[in-house]
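First up is the structure itself, then whatever we jot down about it.
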Amino acid sequence: MTLALFDLDNTLLAGDSDHAWNETLIARGAVDRESFAAGNDRFYEQYLAGTLDIFEFCRFAFAPLAEQPRERLEAWREAFMQEIIEPMIAPAAHALLQRHREAGDELVIITATNQFVTAPIAQRLGVPNLLATIAEERDGRFTGEVAGTPCFQHGKVDRLHAFLADHHDDPDAVMAQACFYSDSRNDIPLLERVGRPVAVDPDPTLDAHAREQGWERLTLRAGAQPVTLD
């Protein structure tokens, strides 16, 4: 069994679920439209630039979760899945995942987006293992704080090592054989630690790095099957 790791946003999804969820909160009237929209866009630009302070972003993104009853959030999330996420699934994502299932690989989605948003997405994609940033909960409500290590940049490496230590006798050997699919410059720390790094519809920084390192480059947006980029 080989470990097959997948980033979520702009990799298996042709879009960003974190940014889109915050837009849903705006549309639902859960936040101040003007100020929250400006913050959402500002943090997303920082993410794309590789300069995001993940703790600052989490405080911003988790505050609305703490202000709403869990039942309401879950109802909004169900509509979000149907209206936003379903059309966002990259055309060839299912084919790529199925290829690894048929090979008997262990599938894991590893994403900076919080677990509340991404758990039903992983379920929809049929991926049994999810490593995501965790919004702290107490007595059935979100607190607005982060629980543990955010699953972002080097934090992804730390979270994955902890996962492997719990599930495998030789985590280093698993990492040496693992593949990881990602679009983002923020995932270079983890891409450099796996045996088979794959850049999927990469951002310009990752694209240049992947070319320099001779990594595989794919698109999942050109049709029903993954296509190798020239």
Is there a residue being at pLDDT 95 or above, within 29 Å of Ile188 (Cβ to Cβ) and not in a helix (DSSP H, G or I) anywhere in segment 26-43?
no
Given Glu137, Glu192, Glu212, which one is open to solvent by 30 Å² or more (accessible area, probe 1.4 Å), within 24 Å of Glu23 (Cβ to Cβ) and either more than 18 Å from the chain's Cα centre (by Cα) or not aliphatic (A, V, I, L, M) (or both)?
Glu137
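For the subset of segment 176-200 comprising residues that are hydrophobic (A, V, I, L, M, F, W, C) and either touching a residue at least 40 places away in the same chain (Cβ under 8 Å) or in a loop (DSSP other than H, G, I, E, B) (or both), which member is farthest from Leu52 (Cα to Cα)? Before you say what the answer is, go through the steps one by one.
Of segment 176-200, the ones hydrophobic (A, V, I, L, M, F, W, C) are 176, 178-180, 188, 190-191, 194, 198-200.
Those left that are additionally either touching a residue at least 40 places away in the same chain (Cβ under 8 Å) or in a loop (DSSP other than H, G, I, E, B) (or both): 178-180, 190, 194, 200.
Values: Ala178: 27, Cys179: 25, Phe180: 22, Leu190: 17, Val194: 24, Val200: 21 Å.
It comes out as Ala178.
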For segment 13-22, which positions are without any contact (Cβ under 8 Å) to a residue 60 or more places away in the chain and either open to solvent by less than 10 Å² (accessible area, probe 1.4 Å) or in contact with a strand residue (DSSP E or B) (Cβ under 7 Å, 6 or more places away or on another chain) (or both)?
Asn22
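Results for (1) free of Cβ contacts under 8 Å to residues at least 40 places away in the same chain; (2) open to solvent by 30 Å² or more (accessible area, probe 1.4 Å); (3) under 17 Å from the mean Cα position of the chain (by Cα), shown as yes or no for each residue.
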position	(1), (2), (3)
Thr24	no, no, no
Asn40	yes, no, yes
Tyr44	yes, yes, yes
Pro87	yes, yes, yes
Ala90	no, no, yes
Ala95	no, no, no
Arg101	yes, yes, no
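So which residues in segment 28-38 are within 21 Å of Glu83 (Cβ to Cβ) and either within 22 Å of the chain's Cα centre (by Cα) or among the polar types (S, T, N, Q) (or both), if there are any at all? Write out each step before concluding.
Looking only at segment 28-38, we keep the residues that are within 21 Å of Glu83 (Cβ to Cβ), and these are 28-31, 33, 36-37.
Correct list: Phe36, Ala37.
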Taking the conditions exactly as written (touching a residue at least 12 places away in the same chain (Cβ under 8 Å), surrounded by fewer than 19 Cβ atoms within 10 Å (Cβ to Cβ) and either in contact with a strand residue (DSSP E or B) (Cβ under 9 Å, 6 or more places away or on another chain) or not in a helix (DSSP H, G or I) (or both)), does Phe62 satisfy them or not?
no
Kindly list the number of the only condition in (1) open to solvent by 50 Å² or more (accessible area, probe 1.4 Å); (2) on the phi < 0 side of the Ramachandran plot that fails for Pro171.
(1)
Quick one: is Asn10 more than 30 Å from Ala178 (Cα to Cα) and crowded, with 20+ Cβ neighbours inside 10 Å?
no
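Of these, Ala132, Ala122, Ala173, Ala165, which one is in a helix (DSSP H, G or I) and under 20 Å from the mean Cα position of the chain (by Cα)?
On the way: Ala132 fails: in a helix (DSSP H, G or I); Ala173 fails: under 20 Å from the mean Cα position of the chain (by Cα); Ala165 fails: under 20 Å from the mean Cα position of the chain (by Cα).
Step by step, each of Ala132, Ala122, Ala173, Ala165 is checked, and only Ala122 is in a helix (DSSP H, G or I) and under 20 Å from the mean Cα position of the chain (by Cα).
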Condition (residue is of a type outside the set (Gly, Ala, Ser), surrounded by fewer than 18 Cβ atoms within 10 Å (Cβ to Cβ) and under 30 Å from Arg70 (Cα atoms)) applied to segment 151-162: is it met by at least one residue?
yes
Would it be correct to say that Phe57 is without any contact (Cβ under 8 Å) to a residue 40 or more places away in the chain, aromatic (Phe, Trp, Tyr) and assigned to a helix (DSSP H, G or I)?
yes
Residues being assigned to a loop (DSSP other than H, G, I, E, B) and under 9 Å from the mean Cα position of the chain (by Cα): count how many of those fall in segment 1-22.
2
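The values are calculated or read from the model by the stated rules, or taken from the named source; none is laboratory data. Predicted model, so just to flag it, every value in this text is computed and none were measured. FYI the Cβ positions are ideal-geometry reconstructions off the backbone, even for glycines, and counts take in every protein chain you see. Quick note on the areas: whole protein, heavy atoms, side chains included, nothing else; ligands and nucleic acids left out. Shrake-Rupley method; radii C 1.70, N 1.55, O 1.52, S 1.80 Å.
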